Amino acid sequence: MSGLFFITSQCSSRSIDILKGIQKEVCMIIIWLLGGIAAVTIAFFVPSNSPELWPSLNMAMIPAALYILALSFYTLRSPITRTARIVSWVIIVLIGGAMYSSWTGMEVQSRWQHNQLLKIHSAITRGLLQSYAQPAALSALKEYYQQGKTKKESLGKVFQRLNPGAAAGSKIQAADMPQDSSSIVVKSIAENEVVLLGRHQYSNGRNPDFKNYNGKTGKVQERFTLTEKGVSYESEN
């Protein structure tokens, strides 16, 4: 009877030890998870001033990689055999290398697509600015020559008559021009010359250091010069 009691006590003691060991492992897993989530989240918001997403993602990947590395060291400790640890580390290195290669490839592809979209947007913006500015200029030129040989009004006066309020620094509302980020601005008006600038608030130009007429830097800006000979066009940025 005493022997049975001893065996029962031993089994109970071992069960308690096993339960304690399981509880300890569960607590460690929870601590690892919470620590990893906190580290990645904090790192993600470090470059908060950047308008791009990739700097935040790359910053978050650093603690994530360190977390996986530390977790691997913790998980692959004794009593796991040496052979099992070597095989596991080889697998971890291979998977990590593949993930790093895929990650950098996605970043390069994403940035290339972003740059291509910006170029396409800039090209479309230039075309729209031409379609807004040229009709206003050509209408003034047509009205000017309809006066005949004896010109009662100068080219600049005709343009101001067709565009009330037009003066240096003012905006003109071209036909079919939507209320968006594009604008046509009168740079100067002389007797025989009118200079218009087409600009966009957000579309990037070719030169990021270009000083725009409105004080911004590096945005699309087109120049249209109206004279008695016609309308000349220059893409300033």
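Please enumerate the residues belonging to region 213-237 that are touching a strand residue (DSSP E or B) at 6+ places or on another chain (Cβ under 8 Å) and of a type in the set (Lys, Arg).
Lys216, Lys219, Arg223 - these are the residues of region 213-237 that are touching a strand residue (DSSP E or B) at 6+ places or on another chain (Cβ under 8 Å) and of a type in the set (Lys, Arg).
With the condition kept exactly as written, say whether any residue in region 146-161 is touching a strand residue (DSSP E or B) at 6+ places or on another chain (Cβ under 8 Å), more than 30 Å from Leu117 (Cα to Cα), among the aliphatic types (A, V, I, L, M) and not in a loop (DSSP other than H, G, I, E, B).
yes
Please verify whether region 62-74 includes one or more residues that are surrounded by fewer than 12 Cβ atoms within 10 Å (Cβ to Cβ), hydroxyl-bearing (Ser, Thr, Tyr) and either at pLDDT below 85 or touching a Ser or Thr at 6+ places or on another chain (Cβ under 6 Å) (or both).
The answer is yes; a qualifying residue exists.
Just checking, which of Ala140, Ala174 is modelled with pLDDT under 85, in contact with a Phe, Trp or Tyr (Cβ under 7 Å, 6 or more places away or on another chain) and assigned by TED's automatic domain parsing to the domain that holds Arg206?
Only one candidate passes the filter, namely Ala174.
Do we have Gly218 as under 19 Å from Leu128 (Cα atoms), small (Gly, Ala, Ser) and surrounded by 20 or more Cβ atoms within 10 Å (Cβ to Cβ) here?
no
Scan region 184-206 residue by residue and report those that are under 17 Å from Gly230 (Cα atoms), touching a helix residue (DSSP H, G or I) at 6+ places or on another chain (Cβ under 8 Å) and assigned to a strand (DSSP E or B).
If the condition is that a residue be under 17 Å from Gly230 (Cα atoms), touching a helix residue (DSSP H, G or I) at 6+ places or on another chain (Cβ under 8 Å) and assigned to a strand (DSSP E or B), then Ile189, Val194, Leu196 are the ones that fit.
Test Ala98 against the criterion of being more than 27 Å from His114 (Cβ to Cβ), at pLDDT 80 or above and out of contact with any strand residue (DSSP E or B) (no Cβ under 9 Å at 6 or more places or on another chain), and give yes or no.
Spelling it out, it is not the case that Ala98 is more than 27 Å from His114 (Cβ to Cβ), at pLDDT 80 or above and out of contact with any strand residue (DSSP E or B) (no Cβ under 9 Å at 6 or more places or on another chain).
Consider Val158 carefully, then state whether it is of a type outside the set (Phe, Trp, Tyr), at pLDDT 85 or above and under 17 Å from Gln130 (Cα atoms).
When the stated conditions are applied, Val158 does not pass them.
The values are calculated or read from the model by the stated rules, or taken from the named source; none is laboratory data. These figures come from a predicted structure and were not determined experimentally. As a convention, Cβ positions derive from the backbone with ideal geometry for all residues, glycine included, and neighbour counts pool all protein chains shown.
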